[in-house]
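Heads up: the structure comes next, in structure tokens.
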Amino acid sequence: MSPPSFENASNKREKARAAGLDPNYWYAVEFDKNIAKNQIKRVTFWGTHVALYRDERGSLRAVEDRCAHRHLPLSIGEVRGERIVCQYHGWEFDSDGRLAHVPHDLFGLKVPQCRLKTYAVQVRYGLVWIFFGDREAATKVPLPLIPDLEGPEPWACVPVEFTIKAHHSMIIDNVSDFTHEYLHRKFKPFSEAKLTHLESTDDAVFVEYDTKVGGGKVTGMFVDRRAVDTNHMKLGYQYPYQWSNTDDAIKHWLFNVPIDERTTKSFYLFHFKSFRVPFLPLRFPKRLMVPLIKAANELHVKPLLSEDAVACEAEQEGWERHWDQPVAEISPAVHAFQNLTIRKWEQHLAREAAKKLSKQPLNLRRREEQPSE
């Protein structure tokens, strides 16, 4: 037997591992630099495929990834001007998703009145963000704002991307729960962690740890411990995003996009106020910070995160095989993360059910609203 669906789950763990993420938020899906003019890429959110493309003017657009004719993926087509063109019959769809041109014989008929769903797109911090939910809500929901990456002197940051074959809740549990420090005994990003604060709100979970941050033999030399308190860290799961903060000097954000029930694409944005020159009472100039972070990503961050990825993928496999075994989770932080994930997904499902009901004819709506005997 496979793990139950969200509707059939009988306990918290089952619900957390089956929950999706509310599409009515902005989700990072790709690096802006990776999409050239006239290029199309397929991106996926919880099983929904979207064709993301950049037109000849350089504008990014997103449309559901299917031609209205025979439902071939538009992502295998091409871009012509501001339109996306299906590879099969050359049907062209404009930036509003309307069928704008059919190049072959129409057999005496008019161009069919077809329109595909389009999605709001924005670019921030070098990432492309898509709003997968209700299009009219996109203007009301702000993109994540990272003040340290804004303004005339932003902190240095080079995002790192991973696609992990695990449910998104496992990744949140992993990155926010420091009881897994044994996994990182080689790199020692944190050690001797003790949970000192746990707070839950309607939209977030905040935790704090007393822990030794940045204990690696090489990377630790770049941290100015005289100016930065590396013995304490704050973390937040501000649904659906996650962040950490060490003394307002070392920070990171994690943006997950759930591809499906067992695959998640993650963007990690580590940013630093400054680096110390090893063995000297000096700090690296800002112009050298980005090259240093690029090197650190390859030598330290990616290998470190790969350990997390391997663990999460193994957890996913173990969950699918042993989901009906007793749960032995003892971390109160993990329980809080899962509660938030479940609550937000239940709220989304309730809104969708109400929306569906409101579209029904009045007589059917009254029948649905009648309590069962």
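The values are calculated or read from the model by the stated rules, or taken from the named source; none is laboratory data. Everything numeric here is computed off the predicted structure, so don't read it as measured data. When we count neighbours, we look across all protein chains shown, and the Cβ atoms used for this are built from the backbone with ideal geometry, even at glycine.
Every residue in the range 243-299 that is out of contact with any helix residue (DSSP H, G or I) (no Cβ under 6 Å at 6 or more places or on another chain), part of a loop (DSSP other than H, G, I, E, B) and at pLDDT 90 or above, please.
D247, D248, A249, E261
Give H271, H335, H348 a once-over and let me know the one that is in contact with an Asp or Glu (Cβ under 7 Å, 6 or more places away or on another chain), more than 30 Å from T196 (Cβ to Cβ), touching a residue at least 40 places away in the same chain (Cβ under 8 Å) and not hydroxyl-bearing (S, T, Y).
Being in contact with an Asp or Glu (Cβ under 7 Å, 6 or more places away or on another chain), more than 30 Å from T196 (Cβ to Cβ), touching a residue at least 40 places away in the same chain (Cβ under 8 Å) and not hydroxyl-bearing (S, T, Y) holds for just one of H271, H335, H348, which is H348.
How about the range 324-352: which of its residues are of a type in the set (A, V, I, L, M, F, W, C) and at pLDDT 95 or above?
A333, V334, A336, F337, L340, I342, W345, L349, A350
What is the residue count in the range 126-140 for residues that are assigned to a loop (DSSP other than H, G, I, E, B), over 14 Å from the mean Cα position of the chain (by Cα) and of a type outside the set (G, A, S)?
Here the count works out to 3.
Say whether the condition of being within 24 Å of the chain's Cα centre (by Cα), over 30 Å from W323 (Cα atoms) and of a type in the set (F, W, Y) is met by at least one residue in the range 22-39.
Within the range 22-39, one or more residues are within 24 Å of the chain's Cα centre (by Cα), over 30 Å from W323 (Cα atoms) and of a type in the set (F, W, Y).
Residue by residue, here is whether (1) surrounded by fewer than 20 Cβ atoms within 10 Å (Cβ to Cβ); (2) at positive phi; (3) under 21 Å from the mean Cα position of the chain (by Cα); (4) assigned to a loop (DSSP other than H, G, I, E, B) holds:
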{"site": "G151", "(1), (2), (3), (4)": "yes, yes, no, yes"}
{"site": "M170", "(1), (2), (3), (4)": "no, no, yes, no"}
{"site": "L183", "(1), (2), (3), (4)": "yes, no, no, no"}
{"site": "E208", "(1), (2), (3), (4)": "yes, no, no, no"}
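If you go through the range 53-66 one residue at a time, do you hit one that is touching a strand residue (DSSP E or B) at 6+ places or on another chain (Cβ under 9 Å), assigned to a loop (DSSP other than H, G, I, E, B), at negative phi and touching a residue at least 60 places away in the same chain (Cβ under 8 Å)?
no
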